[in-house]
Amino acid sequence: MPTTVTSGTYNNYLSIILAIFSFGLLLVKNRGAVLDRKSTLIFIVFTLFLLGQAFLLQANSLELVRYESDAILIFLGYQIHFRYVDILFKFEFLMGAIYGMLLPNYYDNRITGFLTTSPTNFSLLILIGLAYFLFKENREIIDWLFILLGYYLIYLTYSRSILLAGLILFAYRLLNYELKKYKQFKFVVFTLVTLVSIIAVYKVLPHLLTIRSDGGDSTRTRTYLIVSLFGNLRENIKYIFFGFGGGASYQFIQNLLGTKLPPHFDILVLLYDLGIVGSGLFFLIIKDCLGEKWKLCLIILITGVFHNLLFFPYGLLMIFILFGSPKFNVRTVKLE
């Protein structure tokens, strides 16, 4: 079975440093009050669950630390509320332009921007910024320039799924905001959007799906890993409730292929490693954060799920910094 080049690496220490820094920042900001009673209870139960895996299943301790730090990053990223989040995303885009266009970094013949080895993770960071600029309150003309720059940077990475997610976000913005904003032109705008969408499906979509020369191998590799991992879970159904233990999915793939390669489907990774109970607690942490924003956030989260978001602490933190930003406005329009 063909396999593609592995891009991106996970650093446990970086994840821990980000979690500690974020926790300290939030302590200072909230003068010691970080978690409410409900959130505290969820974290305590989730931590006890991971400790149980460590003692009962002899799970990989570093992988358990990764899950704990990921959960911390999710909550803290949402609570921080950076005052200068606008500058943060603009800086990322400008650095992306420098290292994606002027002084380009390449890995496996794909642009990685300001990252070292992962074009996909770079494009995911740009997608997070795109969501911010598309749904930002009081958007300015210069923000449209950053939106155009963002789409072009994603195109340079040849990341098909993330480019499609970016187009879905743009269509979502048009249909849920602009149509309701200009009700008198609703029919005209809807007709134009429909026509453009039809043209995109027939003309643009085929090009996007074939933008990578090794796209077929990449898709087959991921499908093979997901099917194999799910098949092993089904054959050992007794682990469905409490999982095989942190890091077990990663180890299974390594034993299967003889090389370290994440399965590119975080939901299955969570279910395999932590089971229904641990996965449920992890999703409760996410739900506790998002509230009414969850429908829009789902587009970005689903995209990240297929690109090893659990192994990308900086991206995970940036996603929830975006979701927690008061300027990321999804409250003015009722989401159907």
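Worth pointing out:
- Of the solvent-accessible surface of the stretch 58-98, computed with a 1.4 Å probe and all protein chains present, 68% belongs to carbon and sulfur.
- Scalar couplings 3J(HN,Hα) for the stretch 13-22, obtained by applying the Karplus form with A = 6.51, B = -1.76, C = 1.60 to θ = phi - 60°, are 5, 4, 4, 5, 4, 4, 5, 5, 4, 5 Hz; x denotes Gly and Pro.
- Hz values of 3J(HN,Hα) by residue in the stretch 310-318 - Karplus curve (6.51, -1.76, 1.60), Gly and Pro given as x: 5, 9, 10, x, 5, x, 4, 5, 5
- Amide H contacts of GLY243 (H built 1.01 Å from N, under 5 Å, at least 5 apart or other chain): GLY275, ILE276
- Stokes-Einstein D in µm²/s, Kirkwood radius over Cα pairs - the stretch 56-119 at 10 °C with 1.306 mPa s viscosity: 108 µm²/s
- Solvent-accessible area per residue in the stretch 219-262 equals 57 Å², computed with a 1.4 angstrom probe and all protein chains kept.
- Distant-in-sequence amide H partners of TYR107 (H built 1.01 Å from N, under 5 Å): THR112
- Mean accessible surface per residue for the stretch 24-116, computed with a 1.4 Å probe while every protein chain stays in place, in Å²: 56 Å²
- When only alpha carbons of the stretch 39-153 are considered, Rg and Dmax amount to 18.7, 57 Å.
- Across the stretch 146-162, computed HN-Hα scalar couplings (Karplus, 6.51 cos²θ - 1.76 cosθ + 1.60, θ = phi - 60°) run 5, 5, 4, 4, x, 4, 5, 5, 5, 4, 5, 7, 6, 8, 5, 5, 6 Hz from first to last residue, x flagging Gly and Pro.
The values are calculated or read from the model by the stated rules, or taken from the named source; none is laboratory data. A quick note: this is a predicted structure, and the numbers were derived from the prediction, not measured. Calculation scope for accessible area: heavy atoms of the full protein, side chains included, ligands and nucleic acids excluded. Shrake-Rupley method; radii C 1.70, N 1.55, O 1.52, S 1.80 Å.
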